[in-house]
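Let me begin by presenting the structure, written as structure tokens, before commenting on it.
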Amino acid sequence: MAEKIEPVINPSQGYVYVAEVGTPMPALPILPKDPNATMPQVGGVKSTAWRDVGNTSLENGIEMSVDGDDAETLGSWQNPNLKQTNPKKTYALTVNLEDFTVETYKLYYGAGDEAVITDPVTSKPVGFNIPLNPTATEKALLIVGTDGDNAVAWHYPKVAIIGGDSITLDPAALSEVPVKATILGYGGSTGTVTERYPL
């Protein structure tokens, strides 16, 4: 009898990507380091839809949270357990970014390209104007967690991203920029998660 392969995963590495709202999930198997490889080509040219957010925390992994009321059991005198309510839930993810770049600042501080300061000679970004009134950035989000030759992917076509906690400048560790992505509905769904798949 063949040994049963358990579909568990210990995500020793992972990759986080953002794209424009509504960007579809790449075709399986999604390549962790190049999700655009399985996206449809545009005019024979490889897609560049998904952009890597850069380094994320090894110590503080991605936290997936849910907020909402607990289900309640409703009943009658004759049947105390007649019906259970289905309260609405809001799902969110916290990602601790580690690259101190304008792309990270946009997501954390809630501003767009207008806040980027560029070098007048090279036109390269050199700084960022922190906005007075931050606005969450809406994006599509793709997370791929890998365990050796296997992976699991989460795809959210629409999320609202903004700073989730304070930035801590720790001299004994890599500093982190925590952002919170609130998952929003899009096309009748909030997202997709794959089964464990071989790479």
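What follows draws every value from the coordinates through simple rules; no lab data is involved. What you see is a predicted model; the values in this text were computed from it and never measured. Quick reminder, even Gly has a Cβ in these numbers, built from the backbone with ideal geometry, and neighbours come from all protein chains shown.
Simple point charges give the picture: +1 on the Cβ of Lys and Arg, -1 on the Cβ of Asp and Glu, and for region 8-87 a dipole about the Cα centre of about 440 debye. The charge dipole of the chain, taken about its Cα centre with unit charges on the Cβ of Lys, Arg, Asp and Glu (plus for the first two, minus for the last two), comes to roughly 620 debye.
Distance from the Cα centroid of region 141-168 to that of region 54-101 is 16 Å (rounded to whole angstrom).
Rounded to the nearest 20, the size of the Cβ-charge dipole of region 117-199 about its Cα centre is 300 debye, with Lys and Arg at +1 and Asp and Glu at -1. The protection proxy used here, the mean number of other Cβ atoms lying within 10 Å of each residue, ranks peptides 129-136, 99-106 as follows, highest first: 99-106, 129-136. In region 31-161, taking the dipole from charged Cβ atoms about the Cα centre, the farthest positive-side position among VAL45, TYR109, LEU141 is held by VAL45. Full extension of the chain segment joining ASP147 with SER175 gains 7.5 nm, where the gain is 0.36 nm per residue of separation less the Cα-Cα distance. Taking amide H atoms as placed 1.01 Å from N in the peptide plane, the amide H of THR118 lies under 5 Å from those of VAL126, each 5 or more residues away in sequence or on another chain.
Computed 3J(HN,Hα) for region 147-162, one whole-Hz value per residue from the Karplus formula 6.51 cos²θ - 1.76 cosθ + 1.60 where θ = phi - 60°, is 9, x, 9, 10, 8, 9, 10, 10, 10, 10, x, 8, 9, 10, 10, 7, glycine and proline marked x.
In summary, the aspartates and glutamates within cross-link reach of LYS46, defined as a Cα separation below 20 angstrom excluding same-chain residues under 8 places away, comprise GLU20, ASP34.
At an R0 of 35 angstrom, the distance between the Cβ atoms of THR48 and VAL121 translates into a FRET efficiency of 0.85.
Provide the net charge surrounding ALA37, with neighbours chosen by a C-beta distance below 15 Å and charges set as Lys +1, Arg +1, Asp -1, Glu -1. Taking every Cβ under 15 Å from that of ALA37, the sum is +1. For the Cα trace of the chain, dividing Rg by the Kirkwood Rh returns an Rg/Rh value of 1.06.
Pairs of Lys residues in region 63-199, spaced 8 or more positions apart or belonging to different chains, with C-alpha separations under 28 angstrom: 16 in total.
Seen from LEU142, the other residues with C-beta closer than 14 Å to its C-beta sum to a net charge of +1, counting Lys and Arg as +1 and Asp and Glu as -1.
Contact order for the chain, expressed relative to its length and based on alpha carbon pairs under 8 Å spaced 6+ residues apart, stands at 24 percent.
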